[in-house]
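Undergrad: Have a look at this one before I ask anything.
The values are calculated or read from the model by the stated rules, or taken from the named source; none is laboratory data. What you see is a predicted model; the values in this text were computed from it and never measured. Using ideal geometry, Cβ is built from the backbone for each residue, glycine included, and neighbour counts are taken over all protein chains shown. Surface accessibility is based on the protein's heavy atoms, side chains included, excluding ligands, DNA and RNA. Shrake-Rupley method; radii C 1.70, N 1.55, O 1.52, S 1.80 Å.
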Amino acid sequence: TVVTCSDGLPTANHYPFLITSSNDELVLFTHLARSNPQYTELKNVQKCLVIFQGPHLYVSPSYYKDIENVPTWSYVAIHAHCAAEIIEDREGIETLIDKTVRHFEIENKTHWNYKLPAQFKERLFKAIVGIKMTVVTVEGKFKLSQNRNQDDYESLVSALTKRQDHAAQELLVYMNRTTPEFKI
């Protein structure tokens, strides 16, 4: 999710990303429509926040041993504060789109050949821009009941272990990594 701000109002949109790193620099690439208001915000302000949301779920007070509790939310996220640059040249946009399509086609195990009529491609590349976002700072954020006592933590782990949903299973992996003093 890319978050920008213009005239005191935040804007958030969801985009696919390619991520590269070199010389200790982390760079995110995406693209968007020129008609998207966020294009103007990124061009003018050149700063944004990119949020990568990990697993998250509602935690019922019934998961804890101590009855004096309230519901909460467990989550894992990364916040990347970035300096944004617009890619507007035809070659840069075409290269970015080609890399994006190839990446996601491979990840998706599909084999779309990307053969489009020249006039269609021309209209497409005039209608979009690329965005290069150099990461300035990164914050890892997580709330995984690490503030609980051992009994409540173990009770929560037991409850999550019984759940079959993907989010619960992923959160258990993160809980094990972030709170090794509690044996899961």
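Undergrad: Within the accessible area of the chain, what % is carbon and sulfur when the probe is 1.4 Å and the other protein chains stay in place?
TA: Carbon and sulfur together cover 54 percent of it.
Undergrad: Follow-up. For the stretch 100-158, what does the alpha-carbon gyration tensor say about shape, rounded, prolate or oblate, given a ≥ b ≥ c as the root eigenvalues, a/c under 1.5 as rounded, and a/b over b/c as prolate?
TA: prolate
Undergrad: Remind me, relative contact order of the stretch 1-99 in percent, using alpha carbon pairs under 8 angstrom and six or more residues apart?
TA: Dividing the mean separation by the residue count of the stretch 1-99 yields 25 percent.
Undergrad: Using 0.36 nm per residue, how much length does the chain from residue 91 to residue 22 gain when fully extended, once their Cα-Cα distance is taken away?
TA: 22.7 nm is the gain from fully extending residue 91 to residue 22.
Undergrad: Further, regarding this structure: Dividing the alpha-carbon radius of gyration of the chain by 2.2 N^0.38 Å (N being the number of residues), what value is obtained?
TA: For the chain, the normalised Cα radius of gyration comes out at 1.32.
Undergrad: For helix 150-162, report the angle its Cα long axis makes with the longest principal axis of the Cα atoms of the chain; keep it between 0 and 90° and round to the nearest 10°.
TA: The angle comes out near 60 degrees.
Undergrad: Then there's this: When the dipole is taken about the Cα centre of the chain, and only Lys, Arg (+1) and Asp, Glu (-1) are charged at their Cβ, what size is it in debye, to the nearest 20?
TA: 480 debye
Undergrad: I've got another one for you. Tell me, what is the 1.4 Å probe accessible area of residue 120, in Å² to the nearest 10?
TA: The accessible area comes out at roughly 90 Å².
Undergrad: Take 5, 48 and sort them by solvent-accessible surface of the protein heavy atoms, 1.4 Å probe, largest at the top.
TA: Descending accessible area places them as 5, 48.
Undergrad: Roughly how many nanometres apart are two label points built 7 Å out from the Cα toward the Cβ at residue 58 and residue 114?
TA: 4.3 nm
Undergrad: When ligands, DNA and RNA are left out and all protein chains stay put, how many square angstrom of accessible area per residue does the chain have with a 1.4 Å probe?
TA: Accessible surface, normalised per residue, equals 62 Å².
Undergrad: Sticking with this one: How would 15, 58, 153, 75 line up by accessible area, probe 1.4 Å, largest first?
TA: Greatest to least solvent exposure: 58, 75, 15, 153.
Undergrad: Helix 118-127 versus the longest principal axis of the chain: what angle, 0 to 90°, nearest 10, using Cα atoms?
TA: Value to nearest ten degrees: 60.
Undergrad: Order 18-24, 138-144 from most to least packed using the mean count of other Cβ atoms within 10 Å.
TA: Per-residue Cβ counts within 10 Å, averaged per peptide and sorted highest first, yield 138-144, 18-24.
Undergrad: Something else about it: Using +1 at the Cβ of each Lys and Arg and -1 at the Cβ of each Asp and Glu in the chain, identify which of 53, 142, 96 lies farthest towards the dipole's positive end.
TA: Highest projection toward the positive end goes to 96.
Undergrad: How long are the three semi-axes of the equivalent ellipsoid for the stretch 50-97, computed from the Cα gyration tensor as the root of 5 times each eigenvalue, in whole Å, largest first?
TA: Over the Cα atoms of the stretch 50-97, the ellipsoid semi-axes are 45, 11, 6 Å.
Undergrad: So how much accessible area does residue 66 have, in Å² to the nearest 10, using a 1.4 Å probe?
TA: Only protein atoms counted, so the area is about 70 Å².
Undergrad: If the chain between residue 150 and residue 78 were fully stretched, how many nm would it gain, using 0.36 nm times the residue separation less the Cα-Cα distance?
TA: Value of the extension gain: 23.3 nm.
Undergrad: How much length is gained if the chain between residue 7 and residue 45 is pulled fully straight, taking 0.36 nm per residue apart and subtracting their Cα-Cα distance, in nm to one decimal?
TA: Length gained between residue 7 and residue 45: 12.6 nm.
Undergrad: Using only the alpha carbons, work out the radius of gyration and Dmax of the stretch 30-122 in angstrom.
TA: Over the stretch 30-122's Cα set, Rg and Dmax evaluate to 20.9, 66 Å.
Undergrad: Same structure, new question: Quote the relative contact order of the chain in percent (integer), defining contacts as alpha-carbon pairs under 8 Å separated by 6+ residues.
TA: Here the relative contact order equals 26 percent.
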